[in-house]
Amino acid sequence: MDSQMAAALKSGDEKHLSLQSNASTDTALVVLKVPFVIGVAGGTASGKTTVCNMIISQLQNQRVVLISQEAFYHPLTAEQLEKVHDHNFDHPDAFDTELLLSCMEKLKHGQQISIPNYDFKCHKMIEPARVVNPSEVIILDGILILHDPRIRDLMSMKIFVDSDSDVRLARRIRRDTVERNRNILNVLDQYAKHVKPGFEEFILPTKKFADVIIPRGADNDVAIDLIVQHIRTKLGQHDLCKIYSNVFVIPSTFQIRGMHTLVRNAKTTKHDFVFYADRLIRLVVEHGLGHLPFTEKQITTPTGSVYSGVVFCKRLCGVSVIRSGESMENALRACCKGIKIGKILIHGEGKSGRQLIYEKLPLDIASRHVLLLDPVLASGNSAVKAISVLLSKGVPESNIVFLNLISAPEGLHTVCNKYPRLKIVTSEIDTTLNKDLHVIPGMGEFGDRYFGTGSKATLS
């Protein structure tokens, strides 16, 4: 078995989570082009650009591009230039938001773009424009980058850099007088007339949209290190996890990839298939339980010490989709002593139709968090039917955690688009479905292989 495992690990390493170039669906090809977009907002001279540069310097192994909202200022007309000191550069209307959205849409679809080159001395666009290529990470930097909901919707992470107002004013004076050759009196006049009111009316309210707030700006090394660590974690995830925030893939290790190699191998015996499938199922169940609510609790240890811990949600139940879902029941019972488990039987009608044949669920299921069990998420049609049954019994969508071993992108799209508030926990996302709606590369008919009702070659 050791030599088989070594060979399997090598094979798995070469193919792990790769999308084949001849994938049969457009969905799989589009997913490859989805960038991780970070929005960085904050008041004038708060240290936004410095924070962005610190993030970029630590993401050395990724392709990162920084796009400033300032490049999208509307150029001033001759009449506006005559009264430039009265022009409000801190108002949302000062920016060409439609052009920014257009550029982001092109980058999102893997297209090269040209960004305007705005000159702050003459307040016009100058040549040459800046050429930007598609990248893994796109950082959008600007005072009002979190103001427009359409731009916020593009972001994978939203950051607000929060600095003291006196510090920001001092930096603003130094920047505008040294870098932009402006008179200090004009700088102070513009600050009082437009910058400060604009911050209070338009910029500060966007703070509530931020996922992360960085006090002290670039001086906060700890916050920036945590952000970079989070970005690296997200970049290591499958691209569908960036599209759907309710999809969770358990962190991959050589152990997990080795077990996947064994359960996917058509030559693996039934005994070994069940053994390694059970190990993978246990990992998925443990990970799924981590997404349930908990409350903090302090207890006293045998040494007399106080330990601050948590108490897990006790109102749980499992629901298995007969028959392959029943393979996950033992792992759930091992993790949750005495847990109630219901069952749902669904019959397929063609490639899209599904009919409920049988259901046996706890009478109080509406008051419980439900762990829905099915090892393979393929087209998503059976999952949608099972979830609809749970909803009809009064189970809140947000109380459902769907556990499976492998998921096809098509199934994730189907379930997540219809039920965005439930959570899906899986151990790997496969490439696609074939014309028969079988997951590729997949692991075959899971129920047959697990319960021993498949071919002789599988059962040997």
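Checked against the criterion of being closer than 28 Å to Gly444 by Cβ and polar (S, T, N, Q), the candidates Thr268, Thr301 yield just one match: Thr268. Quick one: is Phe160 within 16 Å of Gln69 (Cβ to Cβ), surrounded by fewer than 21 Cβ atoms within 10 Å (Cβ to Cβ) and aromatic (Phe, Trp, Tyr)? No.
Of all positions in region 181-199, none carries a residue that is touching a strand residue (DSSP E or B) at 6+ places or on another chain (Cβ under 8 Å) and either part of a helix (DSSP H, G or I) or in contact (Cβ under 8 Å) with a residue 12 or more places away in the chain (or both). The set of residues in region 112-129 being over 13 Å from Glu70 (Cα atoms) and surrounded by 13 or more Cβ atoms within 10 Å (Cβ to Cβ) consists of Ile113, Ala129. Criterion first (surrounded by 15 or more Cβ atoms within 10 Å (Cβ to Cβ), under 18 Å from Gly47 (Cβ atoms) and touching a Lys or Arg at 6+ places or on another chain (Cβ under 8 Å)) does Val167 satisfy it? Here the answer is no, as Val167 does not meet what is asked.
Within region 363-385, residues that are closer than 17 Å to Ala408 by Cβ reach partners that are assigned to a strand (DSSP E or B) and among the aromatic types (Phe, Trp, Tyr) with beta carbons closer than 8 Å, at six or more positions or on different chains, in the pairs Leu372/Phe402; Asp374/Phe402; Leu377/Phe402; Ala383/Phe402.
For region 412-431, enumerate the residues that are within 16 Å of Leu373 (Cα to Cα), assigned to a strand (DSSP E or B) and not hydroxyl-bearing (Ser, Thr, Tyr). Hits for region 412-431 are Lys423, Ile424, Val425, Glu428. Screening the candidates Asp448, Asp436 for the property of being surrounded by fewer than 22 Cβ atoms within 10 Å (Cβ to Cβ), in a helix (DSSP H, G or I), assigned by TED's automatic domain parsing to the domain that holds Leu283 and out of contact with any strand residue (DSSP E or B) (no Cβ under 8 Å at 6 or more places or on another chain) yields one hit, Asp448. Suppose the filter is without any contact (Cβ under 8 Å) to a residue 24 or more places away in the chain and under 33 Å from the mean Cα position of the chain (by Cα); does Gln112 pass it? The answer is yes for Gln112. Taking the stated definitions as given, is Val274 aliphatic (A, V, I, L, M), in the same structural domain as Gly342 (by TED's automatic domain parsing) and not in a helix (DSSP H, G or I)? So Val274 fails the test.
Here is the figure for region 402-424: residues that are crowded, with 24+ Cβ neighbours inside 10 Å and in contact with a Gly (Cβ under 6 Å, 6 or more places away or on another chain) total 3.
The values are calculated or read from the model by the stated rules, or taken from the named source; none is laboratory data. None of the values given here were measured: they were computed from a predicted structure. Every residue, glycine among them, receives a Cβ derived from its backbone with ideal geometry; neighbour counts consider all protein chains shown.
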